[in-house]
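Have a look at the structure below before the remarks.
FYI, it's all coordinate maths here, none of it is from the lab. Remember, predicted model here, so these are calculated numbers, not experimental data. Glycine gets a Cβ as well: all are built from the backbone with ideal geometry, and neighbour counts include every protein chain shown.
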Amino acid sequence: MGEGEKTRLVAWSHELRRVHDRLRDALTLTRDALAVGVPAEPATRDLLLFCHGFCAALTAHHEGEDRDLFPAIAEQHPDLRDTLYQLRQDHSMIAHLLAGLQAAVLRAAPPVELNRHLEGLAAIMESHFRYEERQLLTVLETLALEAEPDAVLGPL
């Protein structure tokens, strides 16, 4: 295996951490956009933009993992199928929470309600990311997957 090939293989673990960090940052920006609004006012335009961008990025990330990354891991590491099933279950729960947040933003829910949505999403997302990183980073350092990271992990 040449050095360039080894670098390409190791990149999956780095890419996953990079995307998770960017999604964490996007959630922070979304929460900050809510925090700077006037407490009695509905969602600001900034919050709408940040929420839309964050929700779309997180959804694309999980769809790519379910479509491309997890099947490759399952094929090369059948012992991780239960872990991958749990991660897919998390993706489904997070999608449900994102839909609730988006609905609340669209109907201009009060900031206290929007904050509850963001806090719940932040807690589940962080728990999911930490579990995924504990379970998969070592595997991703040797994963043979011919694909572009942005297509698999989301464009961030």
Total formal charge among the other residues, if their Cβ is under 12 angstrom from that of Asn115, Lys/Arg +1 and Asp/Glu -1: -1
Using alpha-carbon coordinates, inclination of helix 3-35 to the longest axis of the chain, degrees: 10 degrees
Dipole of the chain, positive direction: furthest Cα of Ala26, Val105, Gln86, with charges on the beta-carbon: Val105
Amide H partners (placed H, <5 Å) of His77, local residues excluded: none
Listed values (i) 1, 9, 18, 21, 16, 12, 9, 6, 4, 2, 1, 0, 0; (ii) 2, 9, 13, 11, 9, 8, 7, 6, 6, 5, 5, 4, 4, 4, 3, 2, 2, 1, 0, 0; (iii) 2, 9, 19, 21, 20, 14, 9, 5, 1, 0, entry calculated as P(r) over Cα pairs in 5 Å bins from 0, in percent: (i)
Karplus (6.51, -1.76, 1.60) ³J(HN,Hα), θ = phi - 60°, over region 94-107, in Hz, Gly and Pro reported as x: 5, 4, 5, 5, 5, 4, x, 5, 4, 5, 5, 5, 5, 8
At most 16 other Cβ within 10 Å, DSSP loop - trypsin sites (Lys or Arg not before Pro), region 96-156: Arg107
0 to 90° range, to nearest 10: angle between helix 45-64 axis and the chain longest Cα axis: 20 degrees
Sequence-separation-based contact order of the chain, relative, with Cα cut under 8 Å and 6+ spacing, percent: 45 percent
